[in-house]
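First, the structure itself, so that you have it in front of you.
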Amino acid sequence: MAYDKFTVLKSSAVPLPIENVDTDQIIPARFLKATERKGFGDNLFRDWRYNNDDSPKEDFVLNNDKYSGKILVAGKNFGSGSSREHAAWAIYDYGFRCVVSSFFADIFRNNCLNIGILPVQVSGEFLNSIFEAIEADPTTELEIDLNTQKITLLVTGQSEGFAINGYKKNNMLNGYDDIDFLQSLKEEIGVYAETSPY
Amino acid sequence: MSESKSLFDKVWDAHVVKSIEDGPDVLFIDRHFIHEVTSPVAFLSMEQRGLNVLHPNRTFATADHNTPTINQHLPVADALSANQLSALEKNTGKYGISHWGLGHYKNGIVHVVGPENGITLPGMTIVCGDSHTSTHGAFGAIAFGIGTSEVEMVLTSQCIMQQKAKKMRIVINGKVSEGVLPKDVILYVIAKISASGATGYFVEYAGEVFENMSMEGRMTVCNMSIEMGARGGMIAPDQKTFDYIQGKELAPKGADFDRLVEYWKTLKTDEGAQFDIEYVYDASDIEPMITYGTNPGMGIAISKPIPRPDDVLDGKASYAKSLDYMGFNVGESMIGKKVDYVFLGSCTNGRIEDFRQFASVVKGRKKADNVIAWLVPGSHVVEDQIKAEGIYDILINAGFELRQPGCSACLAMNDDKVPAGKYAVSTSNRNFEGRQGPGARTMLASPLVAAAAAVTGEVTDPRIFLN
Ligand code: SF4
């Protein structure tokens, strides 16, 4: 089992109302030199989070004690750019289990699903309601139910459905990953490989 | 009668080992490229599970992301980088995977060395833990970037699991005017569609402009497909493609080659094939381009002023932040902006054609004193061509130096970092905040625009140098 099962997550959230956040911001390239998957959370959003002398930037949300929780809520087109899975590792390692946005970049979304972070895509309006609710009360909670594919803003009861394909959903609910599954297909893959012209 | 299929459909459908109901397809991968940064954790995790590499002959390794571009004969000074390079050497050695490490005469950027050695072929599925794997789509292959978990999948099962993307076609008819390069074409398209406008799609580029383009140019275009969010981009293979491949060291030979060419000729979009979305542009509208912001969609014709936030498609919420980072204002002209660094290189523009273009402008001129220029060939093969064609002498006479191959300032993982606050005109693919070093300010452009900046020390329309 590669990661913890995901069923229902009830938590406060950290707001990042910036659009087009690319994976170079999530984890800059100079922190990709490790050969093991360890400690990436320390460098999550490194250059937005710290000054050059490593002192924290006061105005960045991760440095503001008011905000905490296992959910990161971000602006449109989150995770664009580099395919580095390190971005998803950094988010997971920091303690987030779910990212909410109105739009995700493709590779980033796949990487999240592969390591046990649930990407929840909501409408632009719902995203705004979440940002407004957090601004009014940083402790406000969201509930994300993977089984029913529903995200609820608990303070108002406002909720929205989200999409995820049945296969990936089952994986997340059970903590399985694709590598286990592909191992079970060895025979079919072998048959295919025989026919390959390359 | 069989239904009409697009190029993408044909290649994708030919590789589906199994379709999962309400889930992804299990897709067989013909070629897998790996490099030092995104593969170590995959090998480690594979070993922790007690699994093995299934088809070592389908994976090819090169060291590029993290390598120095000077003194490559010396031991790598940065301990962490050296550690990644030795992990790649160890892992590939252990499993019998081909490895072109630092110092190997075939070494270079993964998306440059694959095509130039005949590893990349039409009709293939190709993946790599690097988002610019889309480059290989220039040959009519389905090629895209993957994460490290997927690298592990391919190592252990030669397959990945992905849902088939939606289909987009971008058609550009007509002829581009002088001074307009493939880089300008793709920057134009991204500016039209936005940095996220093709998310969820696989793009086919079609029309006269792409038919007339060299293989190098097609690679530049397909390379940047990811910069509008697309999973990948592809161009139907034609005689130019076959000629490029023929005779390459690892390409099929003789009767095998002929047989494959017959198959490759069928890899075109059928008349009547459906696309989910289609854009049509006119080549004569495209001018030399440059970016002014912090995503590749923030590009304009070099002669135009920086647009107002209301006139851009995307990212309005972050527009002010972006311009603030760059130190630019709405309405300003890009022409005349001071340039501190020029970077010619990367898998986008590190091929021989790019060096030829750059040399055409700097020939008989001098590098501007205020500019630090990093000219980094994409591979040793490109480096050798630069020397053989006399381009090297032109560069040296104009006051430039040539560095050794690698990704270099494209992602600034090695020492080639643009200092905070400095301006770089770069032929690479990303102008994200800090991409070329913490605080670095990047303007993406073609090799001609880069050359014009390198000799004048400011953003300059390269067309004034064309005769
Ligand atoms: S040159 Fe840049 S984009 Fe290309 S493979 Fe290297 S890091 Fe990736």
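The values are calculated or read from the model by the stated rules, or taken from the named source; none is laboratory data. Since the structure is predicted, the reported quantities are computational estimates derived from the model, not experimental observations. Glycine also receives a Cβ, built like all others from the backbone with ideal geometry; neighbour counts cover every protein chain displayed. What goes into the accessible areas is simple: the full protein's heavy atoms, side chains included, and nothing from ligands, DNA or RNA. Shrake-Rupley method; radii C 1.70, N 1.55, O 1.52, S 1.80 Å.
Can you spot the aspartates and glutamates whose alpha carbon is less than 16 Å from B:Lys366's alpha carbon? Ignore those fewer than 8 places along the same chain.
Candidates past the 8-residue exclusion: B:Asp340, B:Asp393, B:Glu401, B:Glu458.
Right, next: Distance from a point 7 Å along Cα→Cβ of B:Glu89 to each backbone N in segment B:50-72: keep the residues under 19 Å and list them by number.
B:60-72
Quantify how strongly other chains surround peptide B:183-196 by giving the mean number of their Cβ atoms within 10 Å of each of its Cβ atoms.
Other-chain Cβ atoms within 10 Å of each residue's Cβ, averaged: 1.
Rounded to the nearest 0.05, what FRET efficiency is calculated for B:Ile464 and A:Glu125 with R0 set to 56 Å and r the Cβ-Cβ distance? Please list the in-between numbers first.
Numbers: r = 49 Å, r/R0 = 0.88.
The computed FRET efficiency comes out at 0.70.
How big is the gap, in Å, between the Cα center of segment A:127-198 and the Cα center of segment B:290-335?
The two parts, judged by their Cα centres, are 35 Å apart.
Please give the total accessible area that chains A and B bury against each other, computed with a 1.4 Å probe and expressed in Å² to the nearest 100. Kindly include the intermediate steps, with their values, before the conclusion.
Values: alone 10690 and 17920 Å², together 23440 Å².
Summed over both sides, the interface buries about 5200 Å².
Give the percent of DSSP beta bridges with both residues in segment B:258-395 that are antiparallel, rounded to the nearest 5. Mind dumping the intermediate values first?
Values: 4 of 8 bridges.
Close to 50 percent.
Express the carbon and sulfur contribution to the solvent-accessible surface of the protein assembly as shown as a percent, rounded to the nearest whole number, probe 1.4 angstrom.
Using a 1.4 Å probe with all protein chains present, the protein assembly as shown comes out at 48 percent carbon and sulfur.
Moving to a separate point now. In a shell of Cβ-Cβ distance under 11 Å around A:Phe126, excluding A:Phe126 itself, what net charge do Lys and Arg (+1) and Asp and Glu (-1) give? List each step's numbers first, then the result.
Values: positive: none; negative: A:Glu125, A:Glu132, A:Glu160.
Once positives and negatives cancel, what remains is -3.
Can you tell me the accessible area per residue over the protein assembly as shown, all protein chains present, probe 1.4 angstrom, in square angstrom?
So the protein assembly as shown comes to 35 Å² accessible per residue, rounded to a whole number.
Related question: So what is log10(I(q)/I(0)) for chain B at q = 0.12 1/Å, when the Debye sum runs over its Cα atoms only?
Debye intensities relative to I(0), on a log10 scale: -1.04.
Please average, across the residues of A:71-77, the number of beta carbons from any other chain that are within 10 Å of each residue's own beta carbon, and give a whole number.
3
Ok, one more. Please go through the residue pairs B:Lys164/B:Lys268; B:Lys367/B:Lys417; A:Lys76/B:Lys417; B:Lys183/B:Lys363 and name each one whose alpha carbons sit more than 23 Å apart in this structure.
From B:Lys164/B:Lys268; B:Lys367/B:Lys417; A:Lys76/B:Lys417; B:Lys183/B:Lys363, over 23 Å: A:Lys76/B:Lys417.
Mean residue ellipticity at 222 nm from the helices of the protein assembly as shown, using -39,500 (n - 2.57) per DSSP H segment of n ≥ 4 over the full residue count, to the nearest 500 deg cm²/dmol? Don't jump to the answer; show the numbers that get you there.
Numbers: 24 runs with 210 residues, N = 665.
-9000 deg cm²/dmol, from helical runs alone.
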